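Report on one structure; see the data block that follows.
The values are calculated or read from the model by the stated rules, or taken from the named source; none is laboratory data. Remember, it's a predicted structure, so these values are computed and weren't measured experimentally. Every residue, glycine among them, receives a Cβ derived from its backbone with ideal geometry; neighbour counts consider all protein chains shown.
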Amino acid sequence: MLIQPLFANAAVYAIKNATTEGQITVIALLLLSLFSWTIILSKFRQLLIARKATKKFLEAYSATRDPLEIQRRSEEFQGAPAYQLYIRGADELTYHLKNNPVVVPSRPRQTVENLPPGVENEQTDMVAKINVTKISLASFDAVRVTLEEAAGAEAMALEKGMIVLSTAVAGGPFIGLLGTVWGVMSTFASIAENNSASLTTMAPGVAAALVATVTGLLVAIPAMFAYNFMVTTVRAITQELDGFATRYATQIEHVYVDNRPLAEEIKSANEVFAWRIVEQMKR
């Protein structure tokens, strides 16, 4: 009960007796603390939403076999970095399917009921077999680059503002120490000028100088705990994002990329060429 009033009285006394330099230092630290707490609260909310939304999105994606199914259903998972990566890749894939399609011969259709026993999880293979509109390897490279760029952009968005916390952790105590040293130096200079070295003369100046160090520590300690927690959380989300990007690219390649053998591609191209010649001759 007595600690809080005593601390408050000591802080008020020290600030009142602080020099102009000490007061400037304390004000600078308070501003840094304000920025730090703003980042802490906003990033905590962002990361909390990101983790919840990402969990929902990954559950929804795992329930699909077509990489474009979520986009076709117009489902949205705002705040999920993995969803933002997904939608960027889906848009790029849709663009190439529309503008640079590769038409392959259709294969016999299969339904889930017609699949052999023990291969219920091969629905992705079924989607790949019945899909006749695909993209080339060159187009897939463009999709993959888009996924890599999206993953980097989402990682940067998660880390945005963290520099303020690291500055508070590293710079707060040093700024406070600077104010303390400056205050003690001013106190000793005043003692030398007044030729008085009594405790009554020294106490106000030293107390005012130490309040800068206390303020610096009060700024740095919360920022340190918040920074460590957020760095760990961002690292976990980023690793999850990289894993999803690899998984998504693999499924796109399996379903929508033309991976036919070269001989089959040449045969198909010759058939198309021959059909065009026949059509021209009929005219």
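Criterion first (surrounded by fewer than 11 Cβ atoms within 10 Å (Cβ to Cβ), acidic (Asp, Glu) and modelled with pLDDT of 90 or more) does residue 113 satisfy it? Step through it out loud before you land on a result.
Numbers: surrounded by fewer than 11 Cβ atoms within 10 Å (Cβ to Cβ): yes; acidic (Asp, Glu): yes; modelled with pLDDT of 90 or more: no.
For residue 113, the condition - surrounded by fewer than 11 Cβ atoms within 10 Å (Cβ to Cβ), acidic (Asp, Glu) and modelled with pLDDT of 90 or more - is not met.
For the stretch 196-207, does any single residue satisfy the condition of being part of a helix (DSSP H, G or I) and either surrounded by 19 or more Cβ atoms within 10 Å (Cβ to Cβ) or at pLDDT 75 or above (or both)? Yes, because at least one residue in the stretch 196-207 is part of a helix (DSSP H, G or I) and either surrounded by 19 or more Cβ atoms within 10 Å (Cβ to Cβ) or at pLDDT 75 or above (or both).
Looking at 106, 136 in this structure, which one is modelled with pLDDT of 80 or more and over 30 Å from residue 37 (Cβ atoms)?
The conditions single out 136.
Just one residue in the set 154, 148 is surrounded by fewer than 18 Cβ atoms within 10 Å (Cβ to Cβ), part of a helix (DSSP H, G or I) and touching a residue at least 40 places away in the same chain (Cβ under 8 Å); that residue is 148. Taking the stated definitions as given, is residue 210 at pLDDT 90 or above and either exposed (fewer than 12 other Cβ atoms within 10 Å of the Cβ) or part of a helix (DSSP H, G or I) (or both)? So residue 210 fails the test.
Being of a type in the set (Gly, Ala, Ser), modelled with pLDDT of 65 or more and under 20 Å from residue 246 (Cα atoms): is that true of residue 80 here? Against the criterion (of a type in the set (Gly, Ala, Ser), modelled with pLDDT of 65 or more and under 20 Å from residue 246 (Cα atoms)), residue 80 qualifies.
For the stretch 66-97, a residue qualifies if it is over 22 Å from residue 142 (Cα atoms), of a type outside the set (Gly, Ala, Ser) and surrounded by fewer than 20 Cβ atoms within 10 Å (Cβ to Cβ), and the qualifying residues are 73, 75, 76, 78. Checked against the criterion of being assigned to a helix (DSSP H, G or I), more than 18 Å from residue 31 (Cβ to Cβ), in contact (Cβ under 8 Å) with a residue 40 or more places away in the chain and within 23 Å of the chain's Cα centre (by Cα), the candidates 233, 250 yield just one match: 233. Within the stretch 38-65, the set of residues being farther than 24 Å from residue 242 by Cβ and surrounded by fewer than 17 Cβ atoms within 10 Å (Cβ to Cβ) comprises 38, 41, 42. Does residue 17 fit the bill of being modelled with pLDDT under 75 and either surrounded by 15 or more Cβ atoms within 10 Å (Cβ to Cβ) or not hydrophobic (A, V, I, L, M, F, W, C) (or both)? Answer is yes for this residue.
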